[in-house]
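The values are calculated or read from the model by the stated rules, or taken from the named source; none is laboratory data. Here the structure is a predicted model, which means the values were calculated and not measured. For neighbour counting, all protein chains shown are included, and Cβ atoms are generated from backbone atoms with ideal geometry for every residue, glycine included. Ligands, DNA and RNA are excluded from the accessible area calculation, which covers all protein heavy atoms including side chains. Shrake-Rupley method; radii C 1.70, N 1.55, O 1.52, S 1.80 Å.
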Amino acid sequence: MKYPTFFGIDLTSTEAKPSACLGLDGESQLVYLGFLTGNGDIVALLNFYSPQVIAIDAPLSLPLGLCCLEQSCPCEPKFPRKNRQCDQELRQQGIPCYPTSKKTFIKDLIYRGIELKTRIGREVKQVSQIIEVYPFASKARLFGKPVPRKTTKQGMSFLRDKLGDILPSLKPYSGMLDHNFCDAAVAAYTALLCHRNKVDTLGSSEEGVIVIPI
């Protein structure tokens with residue numbers, strides 16, 4: 001029997017651009033760190049580890065009423081709000097997030113996230129949960145606000161230090177942790193906290209939820 005693992009995926013909008021993936025065991029020890037390209041590669045990795053929880057940094061659902069995000073399609077959202085309920089609840093907490101309406105600029109990422117979730121659910125064995133996470137929201141809960149921009153030198157130093165505190169097994173790899181791996185690490189840690197029932201869920205099961213640490 002395999003030991004429990006928990007994976008975070010910092011998904012990119014296209015399979016041509018590698019996605020950072022990171023895995024932890026139940027004791028918060030690092031078990032995997034790497035970049036993967038295609039959805040097939042990600043599925044193969046997850047099949048090898050059979051994680052208990054997989055956390056994906058990408059929207060994994062559409063607003064109720066929408067079948068797609070194409071302007072030419074007549075489908076319309078069920079509610080007048082521009083985003084999903086979970087997105088609205090994040091914003092009410094002072095945490096900005098990407099739009100999930102038809103006017104979104106991350107359409108390709110949303111499509112890929114939904115496709116990957118469906119494929120994992122169909123092809124990966126013994127996965128108990130696939131959750132949507134938003135690392136910026138997780139960082140705000142774990143480390144407090146303000147969270148420095150991850151694209152700055154100050155922001156990267158902040159993230160490496162904070163991640164080293166909660167995940168000491170990452171310290172030997174600190175020098176190679178770019179902001180993509182940091183987001184994957186935060187996602188994986190959120191997956192582990194989800195397994196321990198130490199998370200809040202925003203949104204509704206009917207439309208989709210975002211999982212963030214308590």
Open item on the list: Could you tell me the calculated FRET efficiency between residue 47 and residue 101, based on Cβ-Cβ distance and R0 = 35 angstrom, to the nearest 0.05?
Closed with: 0.55
TODO: Over the chain, give the accessible area per residue in Å² for a 1.4 Å probe, as an integer.
DONE: 48
TODO: Once you have a ≥ b ≥ c as the square roots of the Cα gyration tensor eigenvalues for the stretch 70-153, tell me rounded if a/c is under 1.5, and otherwise prolate or oblate according to whether a/b is larger than b/c.
DONE: oblate
TODO: Label the stretch 168-209 by shape, choosing from rounded, prolate and oblate, from the square roots a ≥ b ≥ c of the eigenvalues of the Cα gyration tensor; if a/c is under 1.5 it is rounded, and otherwise prolate applies when a/b is larger than b/c, oblate when it is not.
DONE: oblate
TODO: Out of all DSSP beta bridges with both ends in the chain, state the antiparallel percent to the nearest 5.
DONE: 65
TODO: Mind checking which aspartates and glutamates have their Cα closer than 16 Å to the Cα of residue 103? Skip sequence neighbours fewer than 8 apart in that chain.
DONE: 70, 76, 87
Open item on the list: Among the complete DSSP H segments of the chain, which ones combine at least 18 Å of alpha-carbon extent along their axis with a mean Kyte-Doolittle hydropathy of 0.5 or more?
Closed with: 179-195
- [ ] Could you please report the charge total around residue 214, scoring K, R as +1 and D, E as -1 over all other residues with beta-carbon less than 13 angstrom from its beta-carbon?
- [x] +2
Open item on the list: Please enumerate, by chain and number, the aspartates and glutamates with C-alpha under 18 Å from the C-alpha of residue 171, excluding those fewer than 8 residues away in the same chain.
Closed with: 25, 27, 161, 183
Task: trypsin sites (Lys or Arg not before Pro) restricted to DSSP loop in the stretch 71-168 with at most 14 other C-beta within 10 Å - done: 78, 81, 103, 125, 149
TODO: Within the stretch 5-105, report the chymotrypsin sites (Phe, Trp or Tyr not before Pro) that DSSP leaves as loop and that have at most 16 other Cβ atoms within 10 Å.
DONE: 105
Open item on the list: I'd like the GluC sites (Glu not before Pro) in the stretch 113-214 restricted to DSSP loop residues with at most 10 other Cβ atoms within 10 Å, sorted by number.
Closed with: 206
- [ ] Once you've got the Cα coordinates, tell me which of 78/145; 78/139; 117/139; 117/150 are over 29 Å apart.
- [x] 78/145; 78/139
TODO: Take every Cα-Cα pair in the chain and report what % of them are more than 24 Å apart.
DONE: 39
TODO: Quick one: compute the contact order of the stretch 34-171, relative version, from alpha carbon pairs under 8 angstrom and 6+ residues apart, as a percent.
DONE: 29
